Amino acid sequence: MTINEKDEANVAGSLWSGGLLSDTKELSPESSEKEIQRVLRKMDTRILPPVTLLYLLSFLDRSNIGNARVAGMATDAHLDGLKYNVIAAVFFIPYALAEVPSNIALKLMRPSRWIPAMMVAWGVVMTLMSLCNTYHELIV
């Protein structure tokens, strides 16, 4: 067995044992490279577009506080330099600190329930944050 054949066998075995191909009856651990590539391409075309969209939305969400300042939030809420920096810290520090417990909860709960629940909760928080008009409302 050559190195490439060993690699192909390892890929087929890991896909099969990892459950990714467990519901596919036509593939076995000894499946050909062409069949494995077909399944991988199919998974890529179904998984990558939604994940890419979620990544884009996540990036837009994280950059919104900076965009809000440019759009006039600082003048509307009478925020000078220090107050705006405090608002940004209050926004980003809990965001960063909540990532680790969220990932732990993701391991304990079903991702199909946890991820949508977190998306809805974050959407509600951001919607309610848009209703704030003063510095004190943004801090709380």
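Read the figures in this text as sums done on the coordinates, not as results from a lab. Source: prediction; values computed, not measured. Note that each Cβ is placed from the backbone with ideal geometry, even for glycine, and that neighbours are counted across all protein chains shown.
Any idea how far apart Ala89 and Tyr55 come out in nm if each label point goes 7 Å out from Cα toward Cβ?
Label at Ala89, label at Tyr55, 3.2 nm between them.
Got a sec to turn the phi values of the stretch 94-111 into Karplus ³J(HN,Hα) couplings, 6.51 cos²θ - 1.76 cosθ + 1.60 with θ = phi - 60°, whole Hz, x for Gly and Pro?
Working through the residues one at a time gives x, 4, 6, 5, 7, 5, 5, x, 5, 5, 5, 5, 5, 6, 7, 10, 6, x Hz.
Applying the Karplus parametrisation 6.51 cos²θ - 1.76 cosθ + 1.60 with θ = phi - 60° to the phi angles of the stretch 44-57, what ³J(HN,Hα) value in whole Hz is obtained for each residue in order, glycine and proline being reported as x?
Whole-Hz 3J(HN,Hα) from phi for the stretch 44-57: 4, 6, 9, 9, 5, x, x, 5, 5, 4, 5, 5, 4, 5.
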